[in-house]
Amino acid sequence: VLKLRGFDFPGTERAIIPNLCYVRKLSIAFLEKCKVPSSPKLVVTKERVPERIIHHSPYIENKCIVKVGRLGGDCNFDNWDGCSPIGRGITLVDVEGLGDVAVPGMHENPQRDLEEMHCKQTPGGRYMAGGVFVDNKVMILGGKGKDPKTLHQDVWSRDDAFPSAMIPQRPRSKTPDYKFAFRSNKAGANLFQYKLLDARDRVHITTWLNTTVEEGADVSWLDHKKGGPGRGWYIIYVRAIDPSGTMDFRFSSETNMYLWYYVPPLPWRLITICMLLFMSASLVGYFEHRRRKRKAALERYALRRIRRKFKMNDMSEGGKKDWRDYYLKREHKEKEKRAKRRKSRHNLSHENRKAKEDDRSKRTNRSKESGKEQDRAKRKTKYMSDDHSKAKDRERQRRKRRHTSATMREKEKNRKSKSGEHKGKVGNRSEERRRRKKKRRDTRWEKKHK
């Protein structure tokens, strides 16, 4: 092993095998995996020999032999295999004839490569075994081994049909579904193994995990809220295992391989908590608004009461609260204000009239300066006065005719009412009211045109 690692005698060619220690460890693990369990043996002896179980520790015992002539020298070992780590802190071993050899610090785990390796098991050399043909299969029963005193008590048959796994139930792409169901085309192959792979980074997320037909596969742990990698593209590989240990050796996207895009489910718990918090905050805000509104109303009411109290104190005279005096004073003040407004309006109107008269007098004075303008003004005033007097006469005659016709109608109505043609209190009252109105109107007209 050390020579294959590159440590050899001086002057000889070195045939170096990379990763030799890893290959050696993988080979040992593969032989252990494919080892057929020993069948019960019938030993022809007077006493039964107990089996001896030996447990090997991961580190070789740290018993060093210091080389002569070298103070603080390194250790050499007679039982070192050339690859296993030796204790903690030991990095060099002095091997006789080769010198100092580096000690590997740690080994890679060959489990991932070991899962992809399949075993071919044979019954081994035996004689005087029985054979039978059952269900198109040749069965080998028992026999003697190399030791004539040992008898095999096992049954062997040849199984050269490989099972093929299928995925009848699978989650749809871009959905939070997570359930897988598996089945096989071979009877008795009820044990399955599946493995997940990140399709984008080509990284193995899991090793081969065992499951059954009833359990299937649950990949809900991919959710990032549960510590998984979260959403993304994933590939699942499935293989079936029959009782003889054979399994799928070929993968196809139509049968035992599936590519899909996983989307984690919505965090309904978080959404519910947020909704409850929002509703509670809304209710708290609403009740706080109502409380402040009522508080403001109470403050306004208290201010009104205080103002009313001070107002009553202002109204009181000599310690007695007389509200009549207060309102009489208030009414008197309002009357004074109205009188002041009327006086100011009257003063303004008087000033306006005076200003107009001054303007008119100025215009007349300007017109008298020239004789022509004075004559023209006289003629205009004469014509205007004649027209105005004529219009007044016409209006007076028209009103007189109207008055006479109204008096005639009134007389006719009085005559009819006296004769009994119009009866009824309501009608008489309305007629009387109209007569009074007519009389008042006539008197006003006579006073105006007298």
Give just the number: which of (1) open to solvent by 50 Å² or more (accessible area, probe 1.4 Å); (2) under 22 Å from residue 262 (Cα atoms) does residue 190 not satisfy? (2)
I'd like to know if the stretch 275-286 contains one or more residues that are open to solvent by 100 Å² or more (accessible area, probe 1.4 Å) and touching a residue at least 60 places away in the same chain (Cβ under 8 Å). no
Unique match (being modelled with pLDDT under 80 and under 60 Å from the mean Cα position of the chain (by Cα)) among 70, 88: 88
Just to be sure I understand, how many residues within the stretch 99-118 are open to solvent by 40 Å² or more (accessible area, probe 1.4 Å), over 15 Å from residue 208 (Cβ atoms) and in contact (Cβ under 8 Å) with a residue 24 or more places away in the chain? 3
Any idea which residue in the stretch 410-450 is modelled with the lowest pLDDT, counting only those that are under 26 Å from residue 392 (Cβ atoms) and loosely packed, with under 11 Cβ neighbours inside 10 Å? 450
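The values are calculated or read from the model by the stated rules, or taken from the named source; none is laboratory data. Model, not experiment: these values are computed from the prediction. Methodologically, a virtual Cβ is constructed for each residue, glycine included, from the backbone with ideal geometry; neighbour enumeration extends over all protein chains shown. Heads up: the accessible areas ignore ligands, DNA and RNA and are worked out on the full protein's heavy atoms, side chains in. Shrake-Rupley method; radii C 1.70, N 1.55, O 1.52, S 1.80 Å.
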